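Single-structure report; data block below.
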């Protein structure tokens, strides 16, 4: 019998980071410095004291020579994104899929549980969201979390995983 909800994909980031760091035989502080982060950034992520932003994960993944989607969510990239999609920023991908779904900022906020102002800041490129926030938005929009965060793989999730948006929310968002 299953209880509660499935754990978010980003929950294993600390363990994945530690394993990759040990595989590359690099300490936490040297890795943080190599990625241009504060000296304790890696330690805080590994101990699950903080949830990193997508930018922090990108920097760490670059130094560790792995996919940021794998580091953040444990998902290996399956297919390369099209050239146009990989050139788009997270903010542009988020706005594009939100508008494609016919959702306002308020409607997306209601469906995802992310504050409307936060979504506005992300779409405006004013902030780099945490991997947890991107996961909530991707689930609400029915797109791949790796595509939304890092333009990896294909945008559309499988039908079994896609969260459909009720028609009543679409009507209110107009």
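Read-outs throughout are calculated quantities, based only on the coordinates presented, and are distinct from any laboratory measurement. In this text the structure is predicted, and so the values were computed from the model without any measurement. Positions of Cβ are generated from backbone atoms using ideal geometry, with glycine treated the same way; all protein chains shown enter the neighbour counts.
For the reader, a short list of remarks on this structure follows.
- Of interest is the spacing of the C-alpha centroids, which for segment 49-75 and segment 1-42 amounts to 8 Å.
- Where the alpha-carbon atoms of segment 9-73 are placed on the principal axes, they occupy 26, 23, 20 Å, in descending order.
- Förster-model FRET efficiency, 30 Å R0, residue 106 and residue 36, C-beta, rounded to 0.05: 0.25
- Two-site label geometry, residue 126 and residue 156: point separation in nm, points 7 Å out along Cα→Cβ: 3.4 nm
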